[in-house]
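Read the structure below first, then the notes.
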């Protein structure tokens with residue numbers, strides 16, 4: 001029963017991301033979580049090698065949008081010359097508003113809100129190196 005709870009936990013973590021496949025391997029286990037299609041709420045296929053048979057877990061429904069990195073870089077919550085963050089959890093933002101910055105060398109690229117909403121939370125710490133597609137913030141639409 002605990003294994004199924006862990007699978008649901010993994011599915012919950014994947015829900016706000018655009019990750020389509022997560023594969024984990026261990027000495028006696030091979031697990032593959034795959035999102036069918038791309039929309040949230042669809043079934044994740046779980047293929048476990050070992051004693052347990054393949055199973056499925058429903059992806060949790062969510063009405064938040066994961067704001068992802070559109071490039072590799074270092075994610076900044078605030079401008080390097082300022083002390084205040086560009087967007088605070090619980091704060092309302094407008095479409096196109098800068099929520100953070102991706103620093104690539106001396107270049108600062110804005111991370112913007114795709115629509116009006118409320119910042120639910122930040123998913124990476126200030127100054128974290130991120131890759132393309134890494135979820136950075138969660139935004140709940142208005």
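Kindly evaluate residue 72 against the criterion of being buried (at least 17 other Cβ atoms within 10 Å of the Cβ) and outside the structural domain of residue 22 (by TED's automatic domain parsing).
Working: buried (at least 17 other Cβ atoms within 10 Å of the Cβ): no; outside the structural domain of residue 22 (by TED's automatic domain parsing): yes.
Judged against the criteria, residue 72 is not a match.
For the stretch 17-118, the strands (runs of 3 or more DSSP E) that sit wholly inside it and include 2 or more residues that are modelled with pLDDT of 85 or more are 65-68, 73-76, 98-104, 107-112.
Within the stretch 119-142, the set of residues being over 12 Å from residue 70 (Cβ atoms) and outside any strand (DSSP E or B) comprises 123, 124, 125, 126, 127, 142. Scanning the stretch 94-139 for residues that are within 16 Å of residue 63 (Cβ to Cβ) and surrounded by 14 or more Cβ atoms within 10 Å (Cβ to Cβ) returns 113, 116, 117, 118, 119, 120, 135, 137, 138, 139.
The values are calculated or read from the model by the stated rules, or taken from the named source; none is laboratory data. Quantities reported herein were computed from a predicted structural model and do not represent experimental measurements. Reconstructed Cβ throughout: ideal geometry from the backbone, glycine too, with neighbour counts over all protein chains shown.
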